Every structure is written in structure tokens, then in C-alpha cells.
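The values are calculated or read from the model by the stated rules, or taken from the named source; none is laboratory data. In this text, all values refer to a predicted model and were calculated from it rather than measured experimentally. Reconstructed Cβ throughout: ideal geometry from the backbone, glycine too, with neighbour counts over all protein chains shown. For the accessible areas, the whole protein counts, side chains as well, though only heavy atoms, and no ligand, DNA or RNA atoms are used. Shrake-Rupley method; radii C 1.70, N 1.55, O 1.52, S 1.80 Å.
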Amino acid sequence: MNNINTILVIDDDKSIVELMRDFFENDGFHVKTAYDTAHALTVFEQNPIHCILLDIMMPGENGFEFCRRIRKDSNVPILFLSARSNDVDKIRGLGLGGDDYIVKNASPGEIVARVKAVLRRSNSQEAINSKLLDYGRLAINLTTREVLINGKSISLTPKEYDLLQLFAEHPKYVFTYDQLLDKFWEGIGDKHTIRVHLSRLREKIEFDPNDPQYIINVWGIGYRFKGE
């Protein structure tokens, strides 16, 4: 994703669309527009969209239905923009996966500010998620150094964790015995040293240590991590 966010503004009121386009572009956004959800879906599928500002009452499919459709495949932030201020619509919109609900009497400046706030939260969550390596039954939190097997935390020694992180961050890359010795044992030791540590690690992370699915032997050379 580039550093400039692209927002999709969807409203059948062209004057509102153009007003919001001016304000968002003035704040450095790229802006895509649509006056109905059919066109909006095409725009969404053909462009990298980082946020959606969505009217509710439109001809054809309404904003609620469009939100439900998008949420089947995407977590893109969605902010409802509606002339209706009742709690029922607000609760429904947020319940369908909307990130905010804005009444149209809000100023354009407030709308831009609330979009930026939602994007900050979204980007923060993406940063957190990017520090999680997920390989099915095995997951590694690079921030906390926690390793999970089927959702349950397991205990690794610092050396075992460091070995696992190296392999998991470089799936399919073959690490030779010499590379592993240089990195983790300052070149002191032999193949047996590595085999002992990896055997203990496999006992903790593999379903069957005798038939490993993650850390694979490359005979005569070293080991690689099978990430798929």
C-alpha cells in the first residue's frame, strides 16, 4: 500500500460527493466516487481502496446491504454517512461491520477527522498483525516472543525460540549447518549440537517429531522451514 490513502465516497447526492471529494483531496487523499452501490462495487474491485464513506439510503441496494457484501471478503474500514440519526440505524450499521456512523449534519472537517481516526486505528491493527507469523496450528508473536500451538502457548528456551523465528521468517530458505553454527554458537560446535537443539524444538512444535511438518531436513546440507 502506498503512503496516500484512497477513499471511496458513495452517495446518490452528487453535491455531497463533490463536496467530500474537495475536502478529502485538500487533505491529501486520493478520492474515488460512486453514486450507487453497483458502480461502487466495480470501483472497489478495480482499485486499492483504504476506506469507504457510505450513504445508507440509495436507489437499488442500500448501504447496509453493500456493507454486508463487502464484509464477506474485506476488512476495509467503512464509515456510514446518513441523514438519519436514530439509534436503530446506528446500531444496525455498526453491527454489520461498520467502523463509524456519521450524521450528515456533521461538518466536512469533522467527517475527514473521523475518517483519519478510523484509518489510524486500522493501520495500528495492521502493524500488530504484521508481527504475527501464522502457519496454521503454529503461530509466532514476534512482539511478545510467544509461540502458540493450536492456540495454546508453549514454553521454549531462548535458543529454541531464536532458531524457530529465523526459520519461520525465511520459509523455504535452506540454512546450512555452518550458517546456524556461526549465527547461534559463534562457530563453535558441530552438526550434533544443532541436531540436539532442533530435536528438542521439534518435540515442542511438531505433531509428530519423527515426521516433521515445519522444520525439514535437507540431507547433508542443513534445514529449511516448510511454510505452506
| Does region 131-152 contain at least one residue that is of a type in the set (A, V, I, L, M, F, W, C), at pLDDT below 90 and open to solvent by less than 70 Å² (accessible area, probe 1.4 Å)? | yes
| note | Output for Cβ contacts, cut-off 8 Å, separation at least six or different chains, first residue over 15 Å from Leu166 (Cα atoms) and in a loop (DSSP other than H, G, I, E, B) in region 212-228, second open to solvent by 70 Å² or more (accessible area, probe 1.4 Å) and of a type in the set (Phe, Trp, Tyr), reads Gln213/Phe207
| request: Can you tell me which residue among Val31, Val17 is in a strand (DSSP E or B), at pLDDT 95 or above and not hydroxyl-bearing (Ser, Thr, Tyr)? | output: Val31
| Selection count, region 56-80, where residues are open to solvent by 10 Å² or more (accessible area, probe 1.4 Å), within 19 Å of Val118 (Cβ to Cβ) and either in a strand (DSSP E or B) or aliphatic (A, V, I, L, M) (or both) | 1
| task | Have a look at Gly97, Gly93, Gly109 and point out the one that is open to solvent by less than 60 Å² (accessible area, probe 1.4 Å), more than 26 Å from Ile205 (Cβ to Cβ) and part of a loop (DSSP other than H, G, I, E, B). | result | Gly97
| said: Would you confirm, using the coordinates I've provided, whether His170 is out of contact with any helix residue (DSSP H, G or I) (no Cβ under 8 Å at 6 or more places or on another chain), open to solvent by 40 Å² or more (accessible area, probe 1.4 Å) and more than 26 Å from Leu148 (Cβ to Cβ)? | reply: no
| Every residue from region 26-53 that is among the acidic types (Asp, Glu) and closer than 13 Å to Ile111 by Cα | Asp27
| said: Restricting to region 195-211, name every residue that is in contact (Cβ under 8 Å) with a residue 40 or more places away in the chain, in contact with a strand residue (DSSP E or B) (Cβ under 7 Å, 6 or more places away or on another chain) and open to solvent by 20 Å² or more (accessible area, probe 1.4 Å). | reply: Lys204
| Condition broken by Ile102, with the remaining ones in (1) of a type outside the set (Gly, Ala, Ser); (2) modelled with pLDDT under 90; (3) more than 30 Å from Phe225 (Cβ to Cβ) satisfied | (2)
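Every residue in region 110-130 that is among the hydrophobic types (A, V, I, L, M, F, W, C) and either under 19 Å from Gln213 (Cα atoms) or at pLDDT below 85 (or both), please.
Of everything in region 110-130, those that are among the hydrophobic types (A, V, I, L, M, F, W, C) and either under 19 Å from Gln213 (Cα atoms) or at pLDDT below 85 (or both) turn out to be Ala127, Ile128.
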